[in-house]
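Q: I have a structure here, written as structure tokens, and I will follow up with some questions on it.
The values are calculated or read from the model by the stated rules, or taken from the named source; none is laboratory data. All values derive from a computational prediction rather than experimental measurement. Here Cβ is always computed from backbone atoms with ideal geometry, including for glycine, and neighbour counts include all displayed protein chains.
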Amino acid sequence: MPAYEFALQHPGRTCGVVCLGIPFNPAPISFDAIMPEGFYILRWREPGRAEADFGRFDVRRVVRTIYVLFAGAEIPIAKEGQEIMDLADLSTPLPEWFTEEDLDAYAKLYEKSGFGYPLKMPYRSMHKLPNRLDAKFQVPVFMVMGEKDYAFKFPGFETAMRGGVMDNFMPDLKITYIPEGSHFVQEQLPEQVNDLLLGFLRDHPSAA
């Protein structure tokens, strides 16, 4: 989202935009109207809600649960009486491409930084995004999207993506779908994603 906004505000300082998994959205989405109360974005945008939920566990357990949930093909939605961290436990295996060593490294980083900024951006800042209904990107845009990304379960998401909605704002747009890719496609299939990004840069030398 920051890359899209930067490209629109500073086209003269932008050679191209590459995005992994997050499409351009010209107007803030009202998730209250389309998703149940237990939807993770609705929960995490509420000040203190995620902090209390995460605070029940150590940092490693929180990071582990996030990777288990968000690497899946289903939208994380808590039922009444549940919090998001209750949707997976230690019996649920990590994604096969995410090792215990990866988890240790990530946990150490979050032990230093905490989760404050990841909650603020984007979950508690979405309502501040401006309307960009008249947006017109002046640079090439490349998007890589995993077809197993849970985002495809959002109401209207797949129709919009497959229907070419982004083309209305991006005259020079390319989207590549990776069949087995999850929401963490760049971590799951790094060599394939790197090859795609390098290919985009080769095809657009000014963006390199």
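Q: Can we say residue 53 is assigned to a helix (DSSP H, G or I) and over 17 Å from residue 151 (Cα atoms)?
A: Taking the combined requirement at face value, the residue satisfies it.
Q: Among the residues of segment 151-161, which ones are assigned to a helix (DSSP H, G or I), out of contact with any helix residue (DSSP H, G or I) (no Cβ under 7 Å at 6 or more places or on another chain) and touching a residue at least 60 places away in the same chain (Cβ under 8 Å)?
A: Hits for segment 151-161 are 153, 160, 161.
Q: Could you tell me whether residue 66 is at pLDDT below 95 and among the β-branched types (Val, Ile, Thr)?
A: no
Q: OK, next. Which condition from (1) surrounded by 13 or more Cβ atoms within 10 Å (Cβ to Cβ); (2) assigned by TED's automatic domain parsing to the domain that holds residue 66 is the one that residue 172 breaks?
A: (2)
Q: Could you check segment 2-16 and list, in sequence order, the residues that are farther than 9 Å from residue 137 by Cα and either of a type outside the set (A, V, I, L, M) or in contact (Cβ under 8 Å) with a residue 24 or more places away in the chain (or both)?
A: Matches in segment 2-16: 2, 5, 6, 9, 10, 12, 13, 14, 15, 16.
Q: Based on what the data block shows, is residue 55 among the small types (Gly, Ala, Ser) and surrounded by fewer than 16 Cβ atoms within 10 Å (Cβ to Cβ)?
A: Judged against the criteria, residue 55 is a match.
Q: Go through segment 122-133 and give me each residue that's charged (D, E, K, R) and surrounded by 11 or more Cβ atoms within 10 Å (Cβ to Cβ).
A: Within segment 122-133, 124, 132 meet the criteria.
Q: So, one more: Kindly list, by first and then second residue, each pair from a residue in segment 77-96 that is in contact (Cβ under 8 Å) with a residue 60 or more places away in the chain to a residue that is assigned to a helix (DSSP H, G or I) and surrounded by 13 or more Cβ atoms within 10 Å (Cβ to Cβ), limited to pairs with Cβ atoms under 8 Å and residues at least 6 apart or on different chains.
A: 95/67; 95/68; 95/188
Q: Residues 164, 181: which one is free of Cβ contacts under 8 Å to residues at least 40 places away in the same chain and more than 19 Å from residue 27 (Cα to Cα)?
A: 181
Q: With the condition kept exactly as written, say whether any residue in segment 129-142 is outside any loop (DSSP other than H, G, I, E, B), in contact (Cβ under 8 Å) with a residue 40 or more places away in the chain and out of contact with any Lys or Arg (no Cβ under 9 Å at 6 or more places or on another chain).
A: So far as segment 129-142 goes, no, none of its residues is outside any loop (DSSP other than H, G, I, E, B), in contact (Cβ under 8 Å) with a residue 40 or more places away in the chain and out of contact with any Lys or Arg (no Cβ under 9 Å at 6 or more places or on another chain).
Q: With touching a helix residue (DSSP H, G or I) at 6+ places or on another chain (Cβ under 8 Å), aliphatic (A, V, I, L, M) and surrounded by fewer than 16 Cβ atoms within 10 Å (Cβ to Cβ) as the only criterion, which of 109, 87, 119, 94 stands out?
A: Answer to the check: 94.
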